[in-house]
Amino acid sequence: MNYTQVIIAYDIADNKKRSKFYEALKDFGLLSIQKSVFWGYLLPSERKSILSIYKEFCNIECDKIIMVNAALEQNINDCFGYTKDFFRKPDDYDII
């Protein structure tokens, strides 16, 4: 599978919509690393789905989201406060 490592940060004004967006990102298996910042691995189709969710839950005129590639394998030593175990690849995840 062709996973991409991403960091997603967002600023959503409405509490209810922000909570729904937060839960949707968790459903993709992304990890919350700060209040409005997530990290994880996504397939190309999942990245497109996040855009759809943004359009559904957010006011495009005032709510913002940024999703960037995060090649942390090369820069893992530059991440402070996290253990290397935190940044697991999808193959390492347990299947329930």
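See the values below:
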{"read-out": "Within the stretch 21-49, tally of residues that are part of a helix (DSSP H, G or I) and crowded, with 16+ Cβ neighbours inside 10 Å", "value": "5"}
{"read-out": "Total residues in the stretch 10-20, condition crowded, with 18+ Cβ neighbours inside 10 Å and not in a loop (DSSP other than H, G, I, E, B)", "value": "2"}
{"read-out": "The stretch 21-42 residues that are farther than 15 Å from V68 by Cα, paired with ones that are outside any loop (DSSP other than H, G, I, E, B) and among the β-branched types (V, I, T) (beta carbon under 6 Å, 6 or more apart)", "value": "A24/I53"}
{"read-out": "Selection status of D14, charged (D, E, K, R) and at pLDDT below 80", "value": "no"}
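The values are calculated or read from the model by the stated rules, or taken from the named source; none is laboratory data. Predicted, not measured: the structure shown is a model, and the values here were computed from it. Every residue, glycine as well, gets a Cβ built from its backbone with ideal geometry; the counts of neighbours run over all protein chains shown.
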